[in-house]
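**Student:** First the structure, which I've put down as structure tokens, then a few questions once you've had a look.
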Amino acid sequence: MKPFTSQVIHIIQQIPPGKVMSYGQIAKVAGSPRAARQVVRILHSMSAKYDLPWHRVINAKGQVAMREENAFEQQKFLLEEEGVEVTAGGVIDLDEYQFHIENCIPDEEG
């Protein structure tokens with residue numbers, strides 16, 4: 001597994017219930033600020049294998065990024081279950097719910 005992929009997985013695993021991070025924010029913390037689309041691909045392909053809290057990852061505008069209605073409603077429901085307020089249009093207040101992490105890169109053993 002590439003180091004960036006490993007770092008992204010580790011960062012997503014650290015997002016606590018009731019908080020969210022954006023794809024771009026995760027990419028930046030993982031060391032590649034312009035790799036938000038790569039974070040999307042990693043999240044899509046690795047969520048089940050690593051039991052990632054995929055629902056806690058949103059777009060930079062603070063919106064649920066899922067376009068398909070069932071996926072949108074599922075993500076909205078899971079976030080609300082954790083206490084995150086989500087508008088009917090899928091908007092989340094980043095000032096209140098965004099998880100900030102300075103450096104979450106796993107050590108060589110992790």
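**Student:** Is at least one residue of region 37-60 over 13 Å from the mean Cα position of the chain (by Cα), without any contact (Cβ under 8 Å) to a residue 40 or more places away in the chain and part of a loop (DSSP other than H, G, I, E, B)?
**Tutor:** In the first step, residues of region 37-60 are kept if they are over 13 Å from the mean Cα position of the chain (by Cα); the result is 45, 48-50.
Then keep just the ones that are without any contact (Cβ under 8 Å) to a residue 40 or more places away in the chain; that gives 45, 48-49.
Those still in the list that are part of a loop (DSSP other than H, G, I, E, B) too: none.
For region 37-60, residues over 13 Å from the mean Cα position of the chain (by Cα), without any contact (Cβ under 8 Å) to a residue 40 or more places away in the chain and part of a loop (DSSP other than H, G, I, E, B): absent.
**Student:** Pick out the one residue from 83, 90 that is at pLDDT below 95 and on the phi > 0 side of the Ramachandran plot. Break it down into steps so the answer makes sense when it comes.
**Tutor:** On the way: 83 fails: at pLDDT below 95.
Exactly one of 83, 90 is at pLDDT below 95 and on the phi > 0 side of the Ramachandran plot, namely 90.
**Student:** I'd like the residue in region 24-33 that is surrounded by fewer than 21 Cβ atoms within 10 Å (Cβ to Cβ) and touching a residue at least 12 places away in the same chain (Cβ under 8 Å) and, out of all such residues, is nearest to residue 75 (Cα to Cα). Even if it seems obvious, please write down each step before you answer.
**Tutor:** Of the residues in region 24-33, the ones surrounded by fewer than 21 Cβ atoms within 10 Å (Cβ to Cβ) are 24, 28, 31-33.
Subsequent filtering for residues that are touching a residue at least 12 places away in the same chain (Cβ under 8 Å) retains 24, 31-32.
Values: 24: 18, 31: 27, 32: 26 Å.
Going through the qualifying residues, I end up with 24.
**Student:** For residues in region 61-80 being surrounded by fewer than 11 Cβ atoms within 10 Å (Cβ to Cβ) and in a helix (DSSP H, G or I), which is modelled with the highest pLDDT? Please lay out each step first, then the result.
**Tutor:** Kept after step one, since they are surrounded by fewer than 11 Cβ atoms within 10 Å (Cβ to Cβ), are these residues of region 61-80: 67-70.
This time we only want the ones that are in a helix (DSSP H, G or I), so: 69-70.
Numbers: 69: 90, 70: 93.
Once the filter is applied, the top-ranked residue is 70.
**Student:** Looking for something crowded, with 20+ Cβ neighbours inside 10 Å and either touching a Cys at 6+ places or on another chain (Cβ under 9 Å) or part of a strand (DSSP E or B) (or both) - is there at least one such residue anywhere in region 85-92?
**Tutor:** There is at least one residue in region 85-92 that is crowded, with 20+ Cβ neighbours inside 10 Å and either touching a Cys at 6+ places or on another chain (Cβ under 9 Å) or part of a strand (DSSP E or B) (or both).
The values are calculated or read from the model by the stated rules, or taken from the named source; none is laboratory data. As the structure is a computational prediction, the values presented were derived from the model and not from experiment. Please note: Cβ atoms are built from the backbone with ideal geometry, for glycine as well, and neighbour counts cover all protein chains shown.
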